[in-house]
Amino acid sequence: MRRGATIRRMRRSVLAAAVALVPLATPGGARAVDLEFTPARVEASLTGDDNVTRAGGSDALRDTVLGVRASKGMLFPLSSRTRALVQGFVGGEKFHKYDGLSHNFFGAQADYQFRSSGEFGAATYSAFVRTQAEYFQSTLRDGYRHAFGLTVLKPLTDRVTFLGALQQNIIDGKSSVFDTQNTALRANLDWSVGTWNTFYLGAEYRKGEFVSTNCRTCDPNKTLGLVNTATPNIIQDDAFTDTVRDAYRLKANIVVATLGYNRGFGGGQSLDLSWRRAMSSLAQSAVAPASKSDFAYTVNQYSLAYLVRF
Amino acid sequence: MRSFGELDDPRRRILIQALAAGFFSGAGTAAAQIFGRAPGQLPAGQSIYRVSGTVSVNAKPATLQTRITPGDTVETAPNGEVIFAVAEEAFLLRGGSRMVIEQPPARSGLVTALRLVTGKVLSVFGKGRPTRIVTATSTIGIRGTGVYAETDPEQTYFCTCYGVADVAANTDPTSKDTVIATHHDKPLYILAKGKEGGRIRRAPFINHTDQELMLIESLVGRTPPFVFPLENYNAPRRDYP
């Protein structure tokens, strides 16, 4: 009960912050400030994910995901050095094998940005809040996903740009097992090679709660350890129908590394190829007969995306 | 026994030889070529900030030491690109381009005159420095501005990134326009052919970025009038779910 109330309070705070910027988007607000639309952005992606269950060993299930996302924003110059950016987005992901994970989403993000000058190397500081509703082909994961945090974007050289972010992620699912919170610290380097080619390298550390889905009957000893460790945060996962699988909410630390290549074309189009690897380790005590290694897992995601701005 | 100053450690000897040969400054230059460097005002006497691929000045291969002055012709092969400054003006000349920096006639009132024969160039000019740019299909008079042009015999793409530009079609004096821009407000196509008075058309914003404008302005000690660059990077930046 207390957990649900805390998440609802945080959700209200996030929504209130987002709503606070809405008057700027009204016609009156548009007249008061110099409203400017940002280009619409559409991306379509195909991702291979070797561990959609976020589980170790034979519980790791592989799938391919077709994704699409569209966004459009508005800029509000607030002063010569500050501005607000509000954008709405909508999209969906279609899983090939495990359709219960397929979902649609829509949401909004508001950013408040500061940049000290138009100098090449000046950093852009940003505070953001984002909220989105998610509707799955299954039921338990339906709900809301929120994030808020700070980012800094700074060109280090004329070829290398640094992006750093500290953000809090909050998921409010229909089942309390899917109510999770975690904190992420992220660094990203973009390396431009020529006008149209960019390589990027990202590293992220996440600490908090995550959900892992494991087969109930495949390894009774492992299941007993999982149950003893995660109780009472367990529920039969309705996204998987191949066999009975249970979702466990656990505290974990996750390190995520990303390597990508982006090839731009004229007219705001680009093709993006990336590999992301996540490594998770349990951040709470494992209860016998489980050991911490039973909860460790890795995820590899290979993604090809086409993006267009217009 | 070794004499004083003789190096008995071969690793130390190799290190000192490498230092003497300028190995590390060479490595630094190579690293700058690969990972770039923070741009700043060019020192007096230096014209070229960066050169890549095949680039020539007056038909001679260009290096970082090459001086560029009015009267010179700068040419890039399709794989080439050069970023340079002349007086208070700075340029990014893309591959497959040929540009002549002309000495404007005395009494013309012009400080700079450019002839973009073919190709693509991003340019910034100092305030109070009237300039004329001639392309294959247009003649443009500008004052204290940043502009981007692409030209071929059929058409010119011209974006007044900021500042004022008087644009006229070479083949039709009745096709003309004055653009007052703060941030890429009115890119144009200037056509070689078409009906009289209609050879200038609106165009989209293409093939140049605010980051490039900030870079070349920094070479001449200035900053552009905008603070926030338009977003041009188009990678997904998706969160790990």
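Just a few scattered comments:
- In the range B:29-50, residue modelled with the lowest pLDDT [restricted to those that are of a type in the set (A, V, I, L, M, F, W, C) and closer than 17 Å to B:L93 by Cβ]: B:L42
- Residues of the range A:244-296 satisfying the condition of being in contact with a helix residue (DSSP H, G or I) (Cβ under 8 Å, 6 or more places away or on another chain), within 14 Å of chain B (Cβ to nearest Cβ) and of a type in the set (A, V, I, L, M, F, W, C): A:A252
- There is no residue in the range A:181-202 that is assigned to a strand (DSSP E or B), within 13 Å of another protein chain (Cβ to nearest Cβ), on the phi > 0 side of the Ramachandran plot and crowded, with 16+ Cβ neighbours inside 10 Å.
- Checking B:Y189, B:Y162, B:Y240 one by one, the residue that is among the aromatic types (F, W, Y), touching a residue at least 12 places away in the same chain (Cβ under 8 Å) and over 30 Å from B:A44 (Cβ atoms) is B:Y189 and no other.
- Candidates in the range B:212-232 are the residues that are outside any loop (DSSP other than H, G, I, E, B) and within 13 Å of B:H183 (Cα to Cα); of these, the one that is nearest to the other protein chains (Cβ to nearest Cβ) is B:M214.
Conditions tested, residue by residue: (1) buried (at least 20 other Cβ atoms within 10 Å of the Cβ); (2) within 14 Å of chain A (Cβ to nearest Cβ).
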{"site": "B:L42", "(1), (2)": "no, yes"}
{"site": "B:Q46", "(1), (2)": "no, no"}
{"site": "B:V51", "(1), (2)": "yes, yes"}
{"site": "B:N58", "(1), (2)": "no, no"}
{"site": "B:G71", "(1), (2)": "no, no"}
{"site": "B:L92", "(1), (2)": "yes, yes"}
{"site": "B:G95", "(1), (2)": "no, yes"}
{"site": "B:R98", "(1), (2)": "no, no"}
{"site": "B:Q103", "(1), (2)": "no, no"}
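- Going through (1) in a loop (DSSP other than H, G, I, E, B); (2) more than 8 Å from chain A (Cβ to nearest Cβ); (3) not polar (S, T, N, Q) one by one, B:D239 falls short only on (2).
- Among (1) assigned to a strand (DSSP E or B); (2) surrounded by fewer than 20 Cβ atoms within 10 Å (Cβ to Cβ); (3) touching a residue at least 12 places away in the same chain (Cβ under 8 Å) - the single one B:P173 does not satisfy: (3)
- Any hit, the range B:188-204, residues being acidic (D, E), at pLDDT below 95 and under 30 Å from B:P39 (Cα atoms): no
- Among the residues of the range B:118-128, some residue qualifies, meaning at least one is under 23 Å from B:N207 (Cβ atoms) and surrounded by fewer than 16 Cβ atoms within 10 Å (Cβ to Cβ).
- Sole residue being under 28 Å from B:T223 (Cβ atoms), of a type outside the set (F, W, Y) and over 14 Å from the mean Cα position of the chain (by Cα), chosen from B:T145, B:T151, B:T139: B:T151
- Every residue from the range A:58-113 that is out of contact with any Cys (no Cβ under 9 Å at 6 or more places or on another chain), over 17 Å from A:E43 (Cβ atoms) and among the small types (G, A, S): A:A60, A:S79, A:S80, A:A84, A:G100, A:S102, A:A108, A:A110
- Residue identified as out of contact with any Cys (no Cβ under 8 Å at 6 or more places or on another chain), outside the structural domain of B:K120 (by TED's automatic domain parsing) and either at pLDDT below 95 or within 24 Å of B:T223 (Cα to Cα) (or both) among B:G53, B:G26: B:G26
- Within the range B:203-219, the residues that satisfy the criterion of being over 18 Å from B:S47 (Cβ atoms), crowded, with 21+ Cβ neighbours inside 10 Å and among the aliphatic types (A, V, I, L, M) are B:L213, B:M214.
- Selection count, the range A:106-160, where residues are facing chain B (nearest Cβ under 9 Å) and of a type in the set (G, A, S): 6
- When A:L75, A:L150 are checked against the criterion of being at pLDDT below 95 and of a type in the set (A, V, I, L, M, F, W, C), A:L75 stands alone in meeting it.
The values are calculated or read from the model by the stated rules, or taken from the named source; none is laboratory data. Just so we're clear, the structure is a prediction, and the values are computed from it rather than from any experiment. When we count neighbours, we look across all protein chains shown, and the Cβ atoms used for this are built from the backbone with ideal geometry, even at glycine.
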